[in-house]
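Read-outs throughout are calculated quantities, based only on the coordinates presented, and are distinct from any laboratory measurement. Computed from a predicted model, the values in this text were never measured in an experiment. All Cβ positions, glycine included, derive from the backbone under ideal geometry; neighbour counts span all protein chains shown.
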Amino acid sequence: MRLLGVLGGMSWTSTEAYYRGLNAGVAARLGGLHSARLLLHSVDFAPVAEAQHAGDWGATARILGDAARGLAAGGAEALLLATNTMHKVAGEVEAAAGVPLLHIADPTADALLAGGHHRVGLLATRFTMEQDFYVERLRARGLDVVVPEADDRDLVHRVIYDELVHDVVRPESRAAYLDVVGRLVAEGADSVVLGCTEIGLLLTDGDAEVPLLDTTALHVAAGVDWLCAPDPD
């Protein structure tokens with residue numbers, strides 16, 4: 001099995017899901033007592049979130065780039081960046097580490113296309129919904145991406161940072177999110193991407209009239225595929 005570096009802590013609640021999912025996936029794939037060969041660097045989220053909201057993406061790139069270099073120095077042969085939003089600086093992180101980064105939007109696009117979806121709604125942090133680093137990667141695969149209106153974007157963002165990253169799951173927030181999903185469906189969305197790694201704490205596929213695709217689960221599955229792939233040598 002190859003050695004995968006995981007850049008986590010953004011937040012610890014979703015990183016916990018990554019760790020469990022990667023190990024459960026490898027165990028299911030290989031059987032017996034197998035578990036995932038991982039190096040995990042869990043950053044302190046507070047300075048990262050502060051830099052995000054200040055628009056200082058250079059600072060976030062430096063924090064994650066330093067962590068990525070450490071993972072590569074420890075022997076990691078590829079990286080998972082266990083957050084959607086920080087794929088804003090995925091290129092800088094990959095360059096700092098000098099090893100491949102498994103981009104979270106790629107298995108998401110694969111799953112959407114395999115499911116025959118074309119017009120997709122996106123729930124995520126305000127950064128991911130409003131900037132082009134994530135949306136354009138999906139659009140480059142031929143997908144039409146719909147984001148919520150401004151008030152709904154504010155609600156979705158607030159719940160992530162005020163509740164989900166603290167492992168707080170409120171029924172009223174779940175209901176509010178489903179209302180947002182309903183408005184995206186009314187705009188023609190045939191599926192909705194849960195484009196923040198914490199949203200899976202609140203919504204699961206089957207909760208709405210259209211498929212809900214959990215990017216955490218899709219990213220984890222890509223990590224398991226990479227870990228268990230035959231050695232190219």
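Before moving on, here are some points about what is shown:
- Largest GNM mean-square fluctuation across 116, 98, 70, computed for the chain with C-alpha springs under 10 Å, falls on 116.
- Distance in nm between pseudo-label sites at residue 59 and residue 168 (7 Å out along the Cβ direction from Cα): 2.3
- Taking every C-alpha pair closer than 8 Å and separated by at least 6 residues, the mean separation divided by the residue count of segment 105-215 gives a relative contact order of 32 percent.
- Couplings for segment 75-82, taken from phi via the Karplus curve 6.51 cos²θ - 1.76 cosθ + 1.60 with θ = phi - 60°, read x, 4, 9, 7, 10, 10, 9, 7 Hz in order; Gly and Pro are left as x.
- The chain: relative contact order in percent, alpha carbon pairs under 8 Å with at least 6 residues between: 25
- Rounded if a/c under 1.5, otherwise prolate or oblate - segment 74-156, Cα gyration tensor axes: oblate
- Surrounding net charge for residue 163, when Lys and Arg each add one and Asp and Glu each subtract one, Cβ distance under 13 Å: -1
- Volume per residue of the convex hull around the Cα atoms, evaluated for segment 1-160, comes out as 120 Å³.
- Cα-based convex hull, segment 105-215, per residue volume (Å³, whole number): 86
- Rounded tilt (10° steps) of 215-228 against the dominant C-alpha axis of the chain: 20
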